[in-house]
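Notes follow the structure.
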Amino acid sequence: MQVEIFSDVVCPWCAIGKRRFESALARFDRADDVELRWRSFELDPGAPVTSDVNSASALAEKYHMTLDKALAAQANLTEVAASEGLEFHFDLLRRGNSFDAHRLLHYAYEVGLQDALKDRLFQAYFSDGDSIGDIDTLARLGEEVGLDRIKVAEILHSDRYAAEVRADELDARQLGIGGVPFFVVDRRFGISGAQGPDAILAVLNEAWANAHPAMTVSGSGESTCEGDNCVI
């Protein structure tokens, strides 16, 4: 079973959705048969590489709300994140462009470290106050999860995996995905938003049953041998 998750590393609900998906997967009987892949999605492709603008002020300006409402929204998200075992520190958050982070995630997929890097990027952005658009920071984060730092630096100073990021984003548009997180299961089932583990688990079970239908049996047990009921 293939599960593709379209998300952005600067999306708080994506970080929360990851934890909820992991909770659902832990209860899924066929978890070992799930192939997980993170797909690229940029919420703000035009964002500057780095920015010193306060995150609450930026939120208030973007959604035309008061600063108090923006702070309240961040406080609510912090509580929701805490319920999933995550620490959000919006006061430390440094806004930036996520394109290079997505390129690095494509490389990490090729070497089997994509999920670990995704976790580290979420922590760096929402908890540690790291600059997610800074190449040197990305190189350090990649190294921390086991990527070769020299190789990472070479990639980030080139345009490698840019086409793959753009292909993911085109794919998202063709699938009608307008917001993230968005979970695509076997290209037949979709889950929009950071839904609870029960809802995610239900889709995983339905997708598995759809791909592996049970055999329909007709007849009765009167003409079959089971155990020792036919021993002569």
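Throughout, read-outs are computed from the coordinates displayed, never taken from laboratory work. Note that the structure is a prediction, hence the values are computed from the model and not measured. Counting neighbours? That spans all protein chains shown, and the Cβs are built from the backbone with ideal geometry, glycine included.
For residue 50, the residues 5 or more places off, or on other chains, whose built amide H falls under 5 Å of its own are 97. Each of 13, 38 was scored by other Cβ atoms within 10 Å of its Cβ. Listed from fewest to most, they are 13, 38. The Cα center of the range 1-55 and the Cα center of the range 80-150 differ in position by 11 Å. Going toward the positive end of the dipole of the chain, with +1 on Lys and Arg Cβ and -1 on Asp and Glu Cβ, which of 163, 194, 116 do you reach last? Result: 163, furthest along the dipole toward the positive end. Taking other C-beta atoms within 10 Å as the exposure proxy, 115, 168, 33 rank 33, 115, 168 from fewest upward. Taking the 0 to 90 degree range and rounding to the nearest ten, how far is the long axis of helix 67-83 tilted relative to the main principal axis of the chain, both from C-alpha atoms? That helix lies at roughly 40 degrees to the long axis. Placing +1 on each Lys and Arg Cβ and -1 on each Asp and Glu Cβ, with no other charges, gives the range 50-90 a dipole about its Cα centre of roughly 160 debye.
Here the Karplus curve 6.51 cos²θ - 1.76 cosθ + 1.60, taken at θ = phi - 60°, turns the phi angles of the range 52-64 into couplings of 9, 5, 4, 4, 5, 5, 5, 5, 4, 5, 5, 9, 6 Hz, with x standing for Gly and Pro.
Listing 170, 67, 113 from fewest to most neighbouring C-beta atoms within 10 Å gives 170, 67, 113.
Relative to the longest principal axis of the Cα atoms of the chain, helix 99-110 runs at roughly 40 degrees. Determine the percent antiparallel among the DSSP beta bridges restricted to the chain, to the nearest 5. Counting DSSP beta bridges with both partners in the chain, the antiparallel share is about 60 percent. Considering helices alone, the calculated mean residue ellipticity of the chain at 222 nm is -15000 deg cm²/dmol, with DSSP H runs of length four and up weighted by -39500 (n - 2.57) and normalised per residue. Please determine, in degrees from 0 to 90 and to the nearest 10, the orientation of helix 12-26 with respect to the longest principal axis defined by the Cα atoms of the chain, where the helix direction is its Cα long axis. With both axes taken from Cα atoms, the answer is about 20 degrees. The residue among 63, 51, 92 whose Cα reaches farthest toward the positive pole of the charge dipole of the range 48-198, with charges on the beta-carbon of Lys, Arg, Asp and Glu, is 63.
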